[in-house]
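The values are calculated or read from the model by the stated rules, or taken from the named source; none is laboratory data. Since this is a predicted model, take the numbers as computed values, not measurements. Quick reminder, even Gly has a Cβ in these numbers, built from the backbone with ideal geometry, and neighbours come from all protein chains shown.
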Amino acid sequence: MNFTGISTLQNDVLIGSGVTLSPGGDGIFTGVVTATSYAGDGSALTGMASTDNVRTGILDVAGIATFRSNSLVGSGITLSPDGDGFFTGVVTATSYAGDGSALTGIANTGQILATSLTVGIAATIGIVSFSSAGIVTATSGIVTYYGDTSKAVDGRWNLTANGSSDYVFAGIGITAGIANDPALHLARGRVYEFVNEMGAHPFRIQLTANGSTGTQYPHGITNNDVSNGTLRFEIPMNAPNVLYYQCTAHAGMGGSMTIYPSI
């Protein structure tokens, strides 16, 4: 059966072997057309429910592709380097390779997350901001630091309490591991931190001797009277020779801070 013009068939038509629509003609069917397979250019087909879905093992995108539903990107699916792929759903892949410099919407774009960072001889780390919650260690060789370390912390102590009798210090200079109300020796122009996360026993640096809540020392201190957080002390060059730390809730908790060299 060969159609060379415009043919309208009013009943169901079974298209099988030997049934041909000529390339120069149009076949218009008002019923149902059934075939076991189809071959040819389907670019003019309309009314298909899944025209927005591409199901294939290989997807080559040379221009701009917009995927309006969840898309699984797996083996054999390629976005051409000279094109852009816009996905409004979820893209899932087991790995990613390529230049991610233009990626946006990533929560940790300002962080480097790695199990180790190895720097060789004469290597330069061009990191604008580096934050480490743990310990950065040079295992061998000589490490030389260049730059402004004026805000670096020279000593940090973690505070707990012995009931309401003493602060218990753990940190730099405490050779026995912990100490109750130790006498501290701090250098002018350096930075120290006191971490009090007890939610109690407010930690104050003051001018008044121990035994009662006294006058706060106001210079170079951030978060004085801290009870849940960190007190930072950038010691001025003209600080008094002796200051005191004191719990504002318990008179017996406190100690001295000798500031050296003496002036």
- [ ] Would you be able to say whether some residue in the range 206-217 is closer than 13 Å to Leu159 by Cβ and not aromatic (Phe, Trp, Tyr)?
- [x] no
TODO: Considering each of Tyr167, Tyr192, Tyr146 in turn, give the residue that is touching a Lys or Arg at 6+ places or on another chain (Cβ under 8 Å) and of a type in the set (Phe, Trp, Tyr).
DONE: Tyr192
Open item on the list: Exactly one of these conditions fails for Ala251: (1) touching a strand residue (DSSP E or B) at 6+ places or on another chain (Cβ under 9 Å); (2) surrounded by 13 or more Cβ atoms within 10 Å (Cβ to Cβ). Give me its number.
Closed with: (1)
- [ ] Please go through the range 163-204 and pick out each residue that is of a type outside the set (Gly, Ala, Ser), free of Cβ contacts under 8 Å to residues at least 24 places away in the same chain and either farther than 17 Å from Asn228 by Cα or outside the structural domain of Pro236 (by TED's automatic domain parsing) (or both).
- [x] Ile172, Ile174, Thr175, Ile178, Asn180
- [ ] Inspect the range 215-222 for any residue being within 21 Å of Ala179 (Cα to Cα) and either touching a Lys or Arg at 6+ places or on another chain (Cβ under 7 Å) or free of Cβ contacts under 8 Å to residues at least 60 places away in the same chain (or both) and give the result as yes or no.
- [x] no
Open item on the list: I'm trying to understand the selection: among the residues of the range 135-191, which are hydroxyl-bearing (Ser, Thr, Tyr) and at pLDDT below 95?
Closed with: Thr137, Thr139, Ser140, Thr144, Tyr145, Tyr146, Thr149, Ser150, Thr175
Task: Residue ranges of strands (runs of 3 or more DSSP E) in the range 171-246 with at least 2 members among the aliphatic types (A, V, I, L, M) - done: 184-187, 191-196
